[in-house]
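Student: Got a structure here, written out as structure tokens. Questions coming.
Derivation of every value follows stated rules applied to the coordinates shown; laboratory data play no part. This one's a predicted model, so the numbers in the text were calculated from it and none came from an experiment. Glycine gets a Cβ as well: all are built from the backbone with ideal geometry, and neighbour counts include every protein chain shown.
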Amino acid sequence: MHNSRISGRLWFNMILFGLVGQLAWNVENMYFNTFLYNKIYAGVSQTAIDGAIPVMSAISLMVGLSAATAVITTFVMGTLSDRLNRRKLFISVGYILWGVVTALFGLISRENIAALLHLSDEVKILTATVWTVIMMDCLMTFMGSTSNDSVFNAWVTDVTAPENRPKVETVFAALPIVATGVVVGVGSLAQAGVIGYDLFFLGLGGFVILCGILGLFTLKEPEHRIRQTNANYWSDLFYGFRPSVIRTHKQLYLSLATLGFFAIAVQVFFPYLLIYLQYVILPTVPAFDLFDASYYICAAVCVLVLVAGLVILLKLGNQDKKKALIPGALCFLAGLVILGFAHDIRLLLLGLAPTVIGYASLMIMLNAAVRDFTPEDKAGQFQGIRMIFYVLIPMVVGPMLGNAASVSSAVRYTDEFGVSQVAPTSAMFLWAAAVAALVFLPLAFLMKAGFKVKKETEETE
């Protein structure tokens with residue numbers, strides 16, 4: 001049996017690599033989009049805008065291709081790490097290369113691409129620069145998915161047990177929030193043009209490189225991992241698609257299906273969220289009135305509801321995942337509906353609380369369930385299956401729906417260069433709510449199947 005106690009060294013490595021990984025993923029998921037919107041497409045003529053791929057479509061395409069890269073990489077590299085029975089090298093070296101590629105984004109500009117490819121036509125320059133960003137994003141995703149999505153997640157499954165996974169997932173759920181705060185705080189300076197995207201990407205890349213170097217000295221291979229005896233790599237690669245495997249691990253696939261609908265709903269609005277705030281919400285906010293009590297009241301209510309809701313649901317979820325999933329799904333759905341009609345900053349704050357409560361509780365409990373039901377000797381292989389539900393389908397379908405919601409609303413603005421641009425709209429939250437309602441379909445079957453783990457796990461440190 002696994003020991004439910006987690007050592008200080010394990011906590012250090014889980015938090016370090018989890019946080020740095022979230023920092024890198026946050027920048028990719030949030031600021032590569034604004035990088036395209038604010039830098040690559042900024043300052044070009046209306047002719048170039050009309051002749052090249054539309055910016056919202058470029059964002060959707062970039063997210064979708066990155067997701068496909070992530071899933072293929074996770075299948076191949078996760079299974080390979082299982083076959084080689086190695087985690088440390090994949091994680092540490094992968095983080096180093098991940099940081100290098102991230103830093104290279106600081107060199108991408110229309111001017112550099114035009115000089116490199118000897119282009120003079122502005123439509124061709126914009127098109128080539130956009131595709132350079134998309135391909136570099138796919139390369140970065142390959143490095144990140146190798147080191148983080150596949151091998152690091154498999155390593156966490158190796159060194160944890162069902163008894164301590166809700167606690168671990170609770171910590172992991174806090175890491176994106178911390179990472180988002182750090183990234184938004186620094187990234188907003190790049191978004192506003194204060195520090196420049198080149199310095200922003202160079203700084204982040206250097207931080208990820210340092211983390212990978214540190215991992216060479218602090219990470220340990222799981223001591224009691226089950227070594228596989230099947231020597232057929234290709235059989236292992238497609239193991240999770242077998243009907244017999246799906247039937248045997250019904251709870252795992254129901255957890256993944258629930259996670260999938262939830263992730264699609266998130267991806268409907270998440271890639272466009274910062275652009276929505278920058279170009280739709282903030283321009284409508286009047287100058288802050290220091291003596292307007294309504295701002296303070298809304299913020300205080302939001303914080304109180306958020307803290308109380310998270311504490312209650314996570315406490316219930318640690319006792320029994322069933323007690324947190326239905327309330328969490330309802331909170332998430334209700335919050336999205338409020339955000340869909342929130343055209344005032346106060347209502348936006350009030351809608352934020354249930355959305356974050358639902359998001360956090362669903363992410364924690366569903367990810368913990370997926371870890372619980374993952375076969376111990378195939379943790380790397382099943383990361384690819386997880387990525388299909390959590391990344392590939394959501395990041396292909398979600399942004400397409402968000403783009404369709406924004407285009408259907410036909411909200412445009414004219415930027416400082418006199419160019420007409422399409423902006424994301426609050427309709428994307430209502431489309432996300434429609435998808436979030438589908439969470440209850442697989443969730444009902446999962447609740448019926450229960451969350452009891454039907455296999456014994458091995459002891460670790």
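Student: Going by how many other Cβ atoms sit within 10 Å of their own, how do S60, S244, S255 line up, fewest first? Before the final figure, lay out the partial values.
Tutor: Details: S60 24, S244 7, S255 29.
Result, fewest neighbours first: S244, S60, S255.
Student: To the nearest 0.05, what FRET efficiency results for E163 and H343 with a Förster distance of 56 Å applied to their C-beta separation?
Tutor: 0.75
Student: Just want the ordering: W11, W431, from fewest to most Cβ atoms lying within 10 Å of their own Cβ.
Tutor: Sorted ascending by nearby Cβ count, the order is W11, W431.
Student: While we're looking at this one, here's another question. Tell me, what is the FRET efficiency for W131 and S244 to the nearest 0.05, using R0 = 60 angstrom and their Cβ-Cβ distance as r?
Tutor: On the way: r = 42 Å, r/R0 = 0.70.
So the FRET efficiency works out to roughly 0.90.
Student: Here's a follow-up. Quick one: E111, E221, E28, fewest Cβ neighbours within 10 Å first, how do they rank? Spell out each step's value before the answer.
Tutor: Working: E111 9, E221 13, E28 21.
Placing the least packed residue first, the sequence is E111, E221, E28.
Student: Additional query: If I model a spin label as a point 7 Å beyond the Cα along the Cα-Cβ vector, how far apart are those points for L104 and F440 in nm?
Tutor: The answer from the label model is 4.8 nm.
Student: For region 1-131, what is the relative contact order in percent, using Cα pairs closer than 8 Å and at least 6 residues apart in sequence?
Tutor: Worked out over region 1-131, it gives 35 percent.
Student: In addition: Counting only the backbone N, which residues of region 9-31 are under 11 Å from the spot 7 Å out from the Cα of V171 toward its beta-carbon?
Tutor: Answer for this model: 9-19.
Student: What is the spin-label model distance, in nm, from D121 to K452 if the labels are put 7 Å beyond Cα along the C-beta direction?
Tutor: A separation of 6.8 nm, rounded to one decimal place.
Student: In addition: Report the full-extension gain for the segment A300 to K220: residue separation times 0.36 nm, less the Cα-Cα distance, to one decimal in nm.
Tutor: That works out to 24.4 nm of additional length.
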